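The values are calculated or read from the model by the stated rules, or taken from the named source; none is laboratory data. Computed from a predicted model, the values in this text were never measured in an experiment. Positions of Cβ are generated from backbone atoms using ideal geometry, with glycine treated the same way; all protein chains shown enter the neighbour counts.
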Amino acid sequence: MNTGRTTLIYALLFISALILFFPILYAVSVSFMDGKDVFNRALLPSSFSFDNYKKVFSSVPLLHYLKNSFVVSSLVTIGQLTVASLAAYVFAFIPFKGRDFLFIVVLATLMIPWEATMISNFLTVQHLGWVNSYRALTIPFFASAFGIFLLRQHFKSIPYELYEAAQIEGLTRFQIFYRVVLPYSRMSLVTLGIYSFLTTWNMYLWPLLVTTNDSVRTIQIGLKQLQTVEVATEWGVVMAGVVVAILPTLILIFISQKQLQKGLTQGALK
Amino acid sequence: MNEVMEKIERYQVPKKENLWQKTANLRTSILYLSPAIVLFSVFVFYPMFKTVYLSFFLTDARGNAALFVGLENYLYLFDSTSFKKSMKATWLFALYTVPSIVLISFFLALLANEKLRGIGFFRTIFTSTMGMSVAASAVIWLFLFHPTVGVLNTLLGYLGIRPIPWLLDSKWALVSIAITTIWMNIGFSFLIILGGLQNISQDLYESARIDGAGYFYQLFRITIPLLSPTLFFILIITFINSFQSFGQVDILTKGGPAEATNLIVYAIYQDAFINYQFGTASARAVILFFMVLGLTLLQFKFLEKKVHYQ
Amino acid sequence: MREIVLDKVSKTYDKQSFAVEDVEVSIRPGEFFVLVGPSGCGKSTLLRMLAGLEEISAGSLSLGGKLANHLPPNKREISMVFQNYALYPHLSVEENIMFGLKVRKISKQERKRRVQEAATMLGLSDYLKRKPRELSGGQRQRVALARTVVSQAPICLMDEPLSNLDAQLRGQMRVEIRQLQQQLGMTMIYVTHDQVEAMTMGDRIMVLRDGKVQQIGTPLEIYNQPVNKFVAEFIGSPPMNMARASIIDGRLVAGNELSIKLSQSDLAKIGNRSITLGIRPEHIHQANGQGRVRTTLLNVEILGNETLLAFNVNNTIWKAKWPGQWQLTAGSPIELSIDREQIFIFDEISEEVVSSPFNKDTVLEGVQTL
């Protein structure tokens, strides 16, 4: 390859990466600044201290919010994987009359935006007395049409011979499910798991509606609180909160970029 | 009856099984599907019907249907300037964000698809905004846009651009939210488009190179046609996402100034949860549903066409 | 050990046509039984019905004298080797071999013992900890065989197990599978489209075409006494030469190239049917004055120990197989002789055999001339 072209591409890559990543880098930088740096619109802190972090953990129950976010995201991830893999197993392997129709019904839910149903869902959750509980934040998201679709595509790529060989060995349906199908599809389960965790962690509107106090409030709503309480004066503290909130998902993305790319594009487009 | 069935019936060895055994497949299937069926019924289908139902009623503050008003809620909306403003903002917002997201992501994916040393690092950076929550992103950009401490105007000043009243001016406010949204959405679109690019067989490029085709010839004759299903998929998804935007509005502008950024979901939220107008909020939600439905059907149509080509 | 009996077994998918029709056969314990035919002939469907993976539309299947039509696969005491081996990619070789035993709750000690035994038998001892993807095609094939060995099932079903291997390995595995079957004394039902496998491995062969049984017999019976044109062409390589022929003045004539004098009894059998002449490539020799063929050489393939000659007879390409190396030039005229005793004559319409080397009453003919 000619070097002129390579240099150009590297230049474009560096510039794009810098622009795209600037807001995140800058947020980290501000999180170490004192009020004077912020006021002077400095790009880097004049001195390095963790004061903002100490302050943010003491002024709002950030750890508590983080714990809530972890609990909610993990529960939704487990719930989605369980519900979706069971349903996908039927759609991929067990034939019965009306299966195709049911599958279309599942796909149809993709056409219904969550925001269009949130009013009634809020009324339902309120009626069930789930407001301010993990149930409200998790159970409505256990069934994901996208997850079912993604896993079914992957299950369908399992050679049918394996399913038949397992039948000859005398495995029951459930044994085939957890001893053959699930281990075989480990990678796609991981993909879906990461994706569910990310989306749940970053959920904003629904937690805003169903949490009215700190008991199960997630970190995202915590950020909103922080921003309204602290704004104007203490941007360093707000940014410290932001950095704490984005760290887990950013790390997840850094670890799993390749995996996500493979898993999601195969499911979405085949 | 044909000969085949006649023969089958004559020599068939009947299976001695009762209804219980006969329905084994169906029973296991229903058992395995039941969590999904129950959840979809309670949290997707029932609320969708309920929303349509509520949109024909005036409600009390607790969301109970109080008075049937037919299409009154819809007519009220279509007549109100506030709704028109909201719809205009919603579509304008889509226009600002969707093409930008697709083009920028496509550009980044083309760059990141080169086989160069350290390319994995750049791929990860370009994907990183997928891990950014809407709340965190909006707070960061709120700071960047800030009229006194925001660094964005300072940076633009280096390029000789005069300070922009980002969130204060009703025209710029929508642009500001659009910028935030574009930034947040690049990660996911980039990831999907890069995946699409890598699914294109390298043989095609090699044979094109043997024929002496240049970079842009390859781009327009091989890459774009073969990537078109992916690009279309991401176009529709981004479109739908733009209709669903909420958090950035809530944190950056609260729908203002002068309702200039009152996007449809924010309007639903305000109607229902600030003003307790569940009837008109539901009517808005139904309208949102049809907007998304239209886009989804468009996508299915396109996919069907693609199947015909193969 | 149990006998497998199929009686009028049929299968239809669309209720309009048969995928398998009226199969009747009984397979003896310890027999190596081969189902052979071109793709789509129903051989795999038949095997899958035996395995219980497909339902039997009509007719009965009995195993050891008991009706087995509706037995689930795992109750049939069978093992099965699939075309792509059906190895679990997430399990090691050892776990793959043991997989079925674990499900059947066989004690850990016994499992270990059987796996060791099978691994030694198949030369897999060094690979037990590896994953299937780290093995070569032949080794994967052996893992699949090992699974059959440890199951100790009296009946083994194989569905084109060698079709993914290269030619050399295929030859080697043919021998190994045959030895394994004899060593364990199990009943083998083996599906293949490759007539070489059928001929070399089977105790008996069933030839299928369009779901119907054409012929059942030992390899030599099938080769020497094919009952119809299809079987004659399908078994043997290169296949039997065929040409439309007619009777002119007591001679069998095909195009301008071939003319042979026929015996009275053959002429009587033929009567006034339209016929096809068949002759195997190894029964066409250098000209010796008998059963003359005059034609032009189209192609010569020298294979080292034998030479294949191609030429035209009545607008079809025929081949002759001569032992040794023959330096002949394509395009030159050539004269050949046909072994009159080895001629097959088929009815053009029904494709059934009319006259073959084995139903010629040569003795009777001799008596007559006396």
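Remark: pairs (first residue in the range B:1-25, closer than 30 Å to A:Phe174 by Cβ and facing another protein chain (nearest Cβ under 7 Å); second residue surrounded by 11 or more Cβ atoms within 10 Å (Cβ to Cβ) and among the small types (Gly, Ala, Ser); Cβ separation under 8 Å; 6+ apart in sequence or on different chains) = B:Val13/C:Ala58; B:Val13/C:Gly59; B:Val13/C:Ser60.
Out of B:Val151, B:Val175, B:Val98, one residue alone is at the interface with chain A (Cβ under 8 Å from one of its Cβ atoms) and either on the phi < 0 side of the Ramachandran plot or in contact with an Asp or Glu (Cβ under 7 Å, 6 or more places away or on another chain) (or both). It is B:Val151.
With B:Tyr53, B:Tyr32 as the choices, which residue is at pLDDT 80 or above and in contact with a Phe, Trp or Tyr (Cβ under 7 Å, 6 or more places away or on another chain)? Explain how you work it out, then say what you get.
Working: B:Tyr53 fails: in contact with a Phe, Trp or Tyr (Cβ under 7 Å, 6 or more places away or on another chain).
When all the criteria are applied, what remains is B:Tyr32.
Is the range B:125-141 home to any residue that is in a loop (DSSP other than H, G, I, E, B) and more than 9 Å from every other protein chain (Cβ to nearest Cβ)?
There is no residue in the range B:125-141 that is in a loop (DSSP other than H, G, I, E, B) and more than 9 Å from every other protein chain (Cβ to nearest Cβ).
Scanning the range B:142-170 for residues that are part of a helix (DSSP H, G or I) and among the β-branched types (Val, Ile, Thr) yields a count of 2.
The residues in the range C:112-142 that are out of contact with any Lys or Arg (no Cβ under 7 Å at 6 or more places or on another chain) and either assigned to a helix (DSSP H, G or I) or touching a residue at least 60 places away in the same chain (Cβ under 8 Å) (or both) can be counted, and the count is 21. Restricting attention to the range A:115-137, which residues are surrounded by fewer than 20 Cβ atoms within 10 Å (Cβ to Cβ) and more than 10 Å from chain B (Cβ to nearest Cβ)? Correct list: A:Gly129, A:Trp130, A:Val131, A:Asn132, A:Ser133, A:Tyr134, A:Arg135. In the range C:145-152, the condition of being within 25 Å of C:Gln182 (Cβ to Cβ), at pLDDT below 90, out of contact with any strand residue (DSSP E or B) (no Cβ under 7 Å at 6 or more places or on another chain) and surrounded by fewer than 23 Cβ atoms within 10 Å (Cβ to Cβ) is met by at least one residue.
In the range C:216-305, counting only helices (runs of 4 or more DSSP H) that sit wholly within it, the ones holding 1 or more residues that are farther than 30 Å from C:Ser26 by Cβ and among the aliphatic types (A, V, I, L, M) span C:264-270. Please work out if B:Gly196 is within 14 Å of chain A (Cβ to nearest Cβ) and farther than 30 Å from A:Pro207 by Cβ. Answer is yes for this residue. Considering only residues of the range B:104-124 that are without any contact (Cβ under 8 Å) to a residue 60 or more places away in the chain, at the interface with another protein chain (Cβ under 7 Å from one of its Cβ atoms) and in a helix (DSSP H, G or I), which is nearest to A:Trp206 (Cα to Cα)? Across the range B:104-124, the extreme among qualifying residues is B:Thr124. Meeting the requirement of 2 or more residues that are at pLDDT below 90 and at negative phi, no strands (runs of 3 or more DSSP E) wholly within the range C:1-57 can be named. Here is a check on your reading of the model: is C:Gly236 surrounded by fewer than 18 Cβ atoms within 10 Å (Cβ to Cβ), on the phi > 0 side of the Ramachandran plot and modelled with pLDDT under 90? So C:Gly236 does not fit the description; no. Taken over the range A:168-220, the residue count meeting the criterion of being assigned to a loop (DSSP other than H, G, I, E, B) and more than 21 Å from C:Met80 (Cβ to Cβ) is 12. Per the listing C:Val293, C:Val353, the residue uniquely within 28 Å of C:Gln215 (Cβ to Cβ) and crowded, with 19+ Cβ neighbours inside 10 Å is C:Val353. Apart from one condition, B:Phe220 fits all of (1) more than 14 Å from chain A (Cβ to nearest Cβ); (2) closer than 30 Å to A:Phe39 by Cα; the exception is (2). Scanning the range B:40-74 for residues that are within 8 Å of chain A (Cβ to nearest Cβ) and either closer than 14 Å to B:Val286 by Cα or assigned to a helix (DSSP H, G or I) (or both) yields B:Phe40, B:Val42, B:Phe43, B:Val44, B:Phe45, B:Tyr46, B:Pro47, B:Met48, B:Lys50, B:Thr51, B:Leu54. How many residues are of a type outside the set (Val, Ile, Thr) and more than 7 Å from every other protein chain (Cβ to nearest Cβ) when one looks only at the range A:202-238? Count: 15.
For the range B:244-268, the set of residues classified as at the interface with another protein chain (Cβ under 7 Å from one of its Cβ atoms) and part of a helix (DSSP H, G or I) consists of B:Gly247, B:Ile251, B:Val265, B:Ile268, listed by residue number.
Of the set (1) part of a loop (DSSP other than H, G, I, E, B); (2) without any contact (Cβ under 8 Å) to a residue 40 or more places away in the chain; (3) within 18 Å of A:Thr172 (Cα to Cα), all apply to C:Asn74 but (1).
For the range C:62-108, filtering for residues that are within 30 Å of the chain's Cα centre (by Cα), surrounded by fewer than 18 Cβ atoms within 10 Å (Cβ to Cβ) and closer than 28 Å to C:Asp126 by Cα leaves 2.
Every residue, every condition in (1) surrounded by fewer than 19 Cβ atoms within 10 Å (Cβ to Cβ); (2) closer than 23 Å to B:Gly247 by Cα, yes or no:
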| residue | (1), (2) |
| --- | --- |
| A:Gly79 | no, no |
| A:Ala87 | no, no |
| A:Phe91 | no, no |
| A:Pro113 | no, yes |
| A:Phe146 | no, yes |
| A:Phe155 | no, no |
| A:Gly170 | yes, no |
| A:Leu182 | yes, no |
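Within the range A:45-69, the set of residues being in a loop (DSSP other than H, G, I, E, B) and either β-branched (Val, Ile, Thr) or surrounded by 12 or more Cβ atoms within 10 Å (Cβ to Cβ) (or both) comprises A:Pro45, A:Ser49, A:Val60, A:Pro61. Pairs are defined by a Cβ separation below 6 Å, a sequence spacing of at least 6 or placement on different chains, a first member in the range A:87-116 that is within 24 Å of A:Ser185 (Cα to Cα), and a second member that is hydroxyl-bearing (Ser, Thr, Tyr) and surrounded by 17 or more Cβ atoms within 10 Å (Cβ to Cβ); the pairs so defined are A:Val90/B:Ser29; A:Val90/B:Tyr32; A:Ile94/B:Ser29; A:Phe96/B:Ser29. Considering every residue within the range B:145-165, establish whether at least one is in contact (Cβ under 8 Å) with a residue 24 or more places away in the chain and under 23 Å from the mean Cα position of the chain (by Cα). Checked the range B:145-165: no residue is in contact (Cβ under 8 Å) with a residue 24 or more places away in the chain and under 23 Å from the mean Cα position of the chain (by Cα).
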